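Structure, as structure tokens:
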Ligand SMILES: NC(=O)c1ccc[n+]([C@@H]2O[C@H](COP(=O)([O-])OP(=O)(O)OC[C@H]3O[C@@H](n4cnc5c(N)ncnc54)[C@H](O)[C@@H]3O)[C@@H](O)[C@H]2O)c1
């Protein structure tokens, strides 16, 4: 088999604007187990959108965009259903930026000769194939973007630069459903707290090798400080967490860091997590939101765990929220602008 025999059929992204899951969610609400939990999570998210004071923080972990969930997030940003994103690097760089610069993910299978895939430079994520040579171009793109920059950046600031690079260099970027680009245009901050653990890390390695004395730093302390400033400015917040990992903890901890600065911060008022992780190993990813209440991070009255794989649970919840149209009355939060005083003046 040749490479092109494996990389034929592309992954298509789920479109929440096409399929309306309100009827499904209503029926689920009268069932049991995870059906009722996803129904409760959907109506809790609806409440978050109705609450005019609440800023929605979307946390993303797992191989979500390569699996067809990129347009779900894109449409949520475009329709003012998300105010802040906290994500892993893989989702933002290896998957979103990768597709924004013209590449695709392919329908594959786990029942395959992986040695042969390796020889053909094909990477596998369970049943999805990726062209490793194209991923290398994504790494190089990160190096190219950083070559234009100097100084200390938070991941949020760096992603504004990536958005601006995409606007300048990809002529039809508006048609590519890129979350980075959509956030850039809608002033939605994206935080990637473990940025180096992705193809952006390979880009940074190449940069360090090529220009050992270059003045460019991604500062994770600045990241956390900026997210804390958003939490303080927002006051009321709700978390929608898909998967767990670093994004879940980073977003939850903004309550504690804001409290350290102000001495009087509110817990996240709403919290939803869709995950397959288990609480019994004591790790953060599977820890329940009820448990997070003991740490003072999440209010216990409006939390919902859903134990479900994200490619199923997330489109159901997001389509329900899109079709209830509560987002139409929301005021845009534009949190990126608090770091840009000139734009902030225009918005007020
Ligand atoms: N996933 C990739 O293909 C990939 C590629 C390159 C780098 N990385 C890096 O590896 C690190 C962590 O990897 P990760 O983001 O894959 O997450 P992870 O392995 O840290 O997963 C975090 C939690 O989310 C849950 N989860 C993940 N996918 C889920 C799904 N589809 N449905 C429900 N729950 C789900 C997991 O059970 C786990 O508890 C990140 O820094 C990332 O940038 C990942």
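Can you run the Rg to Rh ratio on region 117-244? Use alpha carbon positions and the Kirkwood inverse-distance Rh.
Across region 117-244, the Cα-based Rg/Rh ratio is 0.99.
Relative to a virtual label point 7 Å from the Cα of residue 196 in the Cα→beta-carbon direction, which members of region 152-173 show backbone nitrogen distances below 19 Å?
Answer for region 152-173: 152-159.
Antiparallel versus total DSSP beta bridges in the chain: what percent is that, nearest 5?
Approximately 20 percent, going by the DSSP bridge assignments.
Taking 0.36 nm per residue of separation and subtracting the Cα-Cα distance, what length does fully extending residue 256 through residue 279 add?
So the extension gain works out to 6.1 nm.
Once the cut-off is 19 Å, how many percent of the Cα-Cα pairs in region 89-151 end up in the long-distance tail?
37 percent
For the peptides 11-18, 27-34, 125-132, what is the packing order when you average, over each peptide's residues, the other Cβ atoms within 10 Å and list the highest mean first?
Descending mean neighbour count gives 125-132, 11-18, 27-34.
Any idea how far the Cα center of region 185-228 sits from the one of region 63-99, in Å?
With region 185-228 and region 63-99 each reduced to a Cα centre, they are spaced 18 Å.
Given points 7 Å out from each Cα along the Cα-Cβ axis, report the residue 291 to residue 107 separation in nanometres with one decimal.
3.8 nm
Between region 101-142 and region 250-280, how far is it from one alpha carbon centroid to the other, in angstrom?
35 Å
Give the shape of the chain as rounded, prolate or oblate, defined through the alpha-carbon gyration tensor: a ≥ b ≥ c are the square roots of its eigenvalues, a/c under 1.5 means rounded, and otherwise the shape is prolate if a/b is larger than b/c and oblate if not.
oblate
Using a 7 Å offset from the Cα along the Cα-to-Cβ direction at both residue 119 and residue 2, what is the distance between the two label points in nm, to one decimal?
1.6 nm
Using a cut-off of under 11 Å, list every residue of region 142-168 whose amide N is near the label point 7 Å from the Cα of residue 225 along the Cα-to-beta-carbon line.
Once the point is set 7 Å along Cα→Cβ of residue 225, 153-154 turn out to lie under 11 Å by backbone N, inside region 142-168.
Which log10 I(q)/I(0) values, to two decimals, does region 242-304 give at q = 0.19, 0.23, 0.24, 0.29 Å⁻¹ under the Debye formula with one point per Cα?
-0.67, -0.95, -1.02, -1.33
If packing is taken as the average number of other Cβ atoms within 10 Å across a peptide's residues, how do 160-166, 82-88 rank, most packed first?
Those peptides, ordered most packed to least, come out 82-88, 160-166.
Rule-based calculations on the coordinates, nothing more; no lab input. Not measured: the values here are computed from a predicted model. Note that we place each Cβ from the backbone using ideal geometry, even for glycine, and neighbour counts take in every protein chain shown.
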